[in-house]
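Below is one structure, written out as structure tokens, with a few remarks after it.
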Amino acid sequence: MGAPDPNIDLNDDQLLRYSRHILLPELGIDGQQKLLAAHVLVIGAGGLGSPVSLYLAASGVGRITLCDHDKVDLTNLQRQIVHHTDSIGAQKVASAQRTLARINPEVKVVALAERMQGPRLDEVVSQADIVVDATDNFATRHAINRACVRFHKPLVSGAGVRFDGQVAVFDLRRKDSPCYSCLFPEDSDAEEMRCAVMGVFAPLVGIIGSIQAAEALKLIMGVGEPLQGRLLLLDALTMQTRTVRLSRDPACRVCGV
Ligand SMILES: [Zn+2]
């Protein structure tokens, strides 16, 4: 990331494909070049990973690494909009890769059908510019957070279950940034609510995942003000949002000294 690669000159097709981005003065050709040069890691190809990967691919993020060990199931299709009925039984990452290629064949999508943990997780996190956590359980979220703290990667975290969603950005390139564990310490008895068993309102994950995509794009291009150190909470039943400012916990076991 950083300075746009001067080798990435937009051709005529790209100038048309991305024209509605280029028309935005905050983005322009410079911003689009940064997207084309970027590498985003998306962990989870489910309800959140669907809109995240769809918008990143459509927007022209040059390289997307998508990880998920699961297969497409009939119960996924109500909300996991990157998958289609004819993909039932297929690996989620392969199914998503097919959909993304139809939207934007220019984007390189690396599909990793594996459960990301340990040294493999470190490896994929260290290679990415931005990490999007689109998983649905605390153990994986904490493992992703630890890797992002270790390699100083910006982490875009999202969650959604029932009608309740939340998004936060932890830009761990910054020394003053809180991490996911400052917010939810690993040993806390926060209630694990997985949409696999709890039920989830379909557009909720669409809204939260779209916000995650927006934050990832903003971080890549350095535009606007990211949700850095802020937690956005959405109640989709009343359609009310709340934003809570987060501070770094000096006693945090992950990012504290
Ligand atoms: Zn922390």
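Listing for the model above:
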item: Pairs, first closer than 18 Å to Gly158 by Cα and without any contact (Cβ under 8 Å) to a residue 12 or more places away in the chain in the stretch 237-257, second away from the ligand (no atom under 11 Å from the Cβ) and of a type in the set (A, V, I, L, M, F, W, C), C-beta under 8 Å, six or more apart; result: Gln240/Leu234; Thr241/Leu232; Thr241/Leu233; Thr241/Leu234; Arg242/Leu232; Arg242/Leu233
item: Near pairs, Cβ below 6 angstrom, 6+ apart or cross-chain, from the stretch 14-28 (closer than 17 Å to Leu56 by Cα and part of a helix (DSSP H, G or I)) to any residue that is open to solvent by 70 Å² or more (accessible area, probe 1.4 Å) and not polar (S, T, N, Q); result: Ile22/Ile29
item: Subset tally (residues that are surrounded by fewer than 17 Cβ atoms within 10 Å (Cβ to Cβ) and either away from the ligand (no atom under 14 Å from the Cβ) or outside any loop (DSSP other than H, G, I, E, B) (or both)) for the stretch 143-164; result: 4
item: Residue in the stretch 213-226 that is aliphatic (A, V, I, L, M), surrounded by fewer than 20 Cβ atoms within 10 Å (Cβ to Cβ) and closer than 21 Å to Leu48 by Cα present; result: yes
item: Enumeration of residues in the stretch 34-75 that are surrounded by fewer than 24 Cβ atoms within 10 Å (Cβ to Cβ) and within 21 Å of Ile88 (Cβ to Cβ); result: Leu54, His69, Asp70, Lys71, Asp73, Leu74, Thr75
item: Enumeration of residues in the stretch 163-179 that are in contact with a strand residue (DSSP E or B) (Cβ under 9 Å, 6 or more places away or on another chain) and without any contact (Cβ under 8 Å) to a residue 40 or more places away in the chain; result: Arg173
item: Candidate set: the stretch 227-241, residues that are out of contact with any helix residue (DSSP H, G or I) (no Cβ under 8 Å at 6 or more places or on another chain) and within 16 Å of the ligand (Cβ to nearest atom); chosen: the one most open to solvent (accessible area, probe 1.4 Å); result: Arg230
item: Enumeration of residues in the stretch 128-142 that are touching a residue at least 60 places away in the same chain (Cβ under 8 Å) and open to solvent by 30 Å² or more (accessible area, probe 1.4 Å); result: Asp129, Asp136, Thr140
item: Members of the stretch 80-95 that are closer than 21 Å to Pro203 by Cβ and in contact with a strand residue (DSSP E or B) (Cβ under 6 Å, 6 or more places away or on another chain); result: none
item: Residue that is loosely packed, with under 13 Cβ neighbours inside 10 Å, more than 15 Å from the ligand (Cβ to nearest atom), hydrophobic (A, V, I, L, M, F, W, C) and at negative phi, where the choices are Val244, Val167; result: Val244
item: Of the criteria (1) within 16 Å of the ligand (Cβ to nearest atom); (2) open to solvent by 20 Å² or more (accessible area, probe 1.4 Å); (3) at pLDDT 95 or above; (4) not charged (D, E, K, R), which one Ser181 fails; result: (2)
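The values are calculated or read from the model by the stated rules, or taken from the named source; none is laboratory data. These numbers were taken from a predicted model, which means no experiment stands behind them. Quick reminder, even Gly has a Cβ in these numbers, built from the backbone with ideal geometry, and neighbours come from all protein chains shown. Heavy atoms of the whole protein, side chains included, go into the accessibility calculation; ligands, DNA and RNA do not. Shrake-Rupley method; radii C 1.70, N 1.55, O 1.52, S 1.80 Å.
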